Amino acid sequence: MGFQFPGYLAIYVGESQKKWFIIPVSYFNQPSFQDLLSLAEDEFGYDHPMGVITIPCSEGTFLGLTSALGYM
């Protein structure tokens, strides 16, 4: 992953098939996003198998959340 966007972070989202998203780091302060991070921690711990934060929820759930946060 050679792309760098100041103020943004790359993550993978998905249950079986993972999709790459670039999100603002400000999301990490949002309680609803922190809930998704807790889900990722429960499933993967801090050893993310793809080398990037992986959130194990459906793409639709993630897009719904990010829409509510006003980004995607």
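Laid out as a table, the results:
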| read-out | value |
| --- | --- |
| Relative contact order (%) - criterion: Cα under 8 Å, at least six apart; region: the stretch 8-69 | 41 percent |
| Label-to-label distance, nm, for residues given as residue 28 and residue 9 (7 Å Cα→Cβ offset) | 0.3 nm |
| Gain in span if fully extended, residue 39 to residue 67, counting 0.36 nm per residue against the direct Cα distance | 8.2 nm |
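Read the figures in this text as sums done on the coordinates, not as results from a lab. Small disclaimer: the values here were computed from a predicted structure and weren't measured. When we count neighbours, we look across all protein chains shown, and the Cβ atoms used for this are built from the backbone with ideal geometry, even at glycine.
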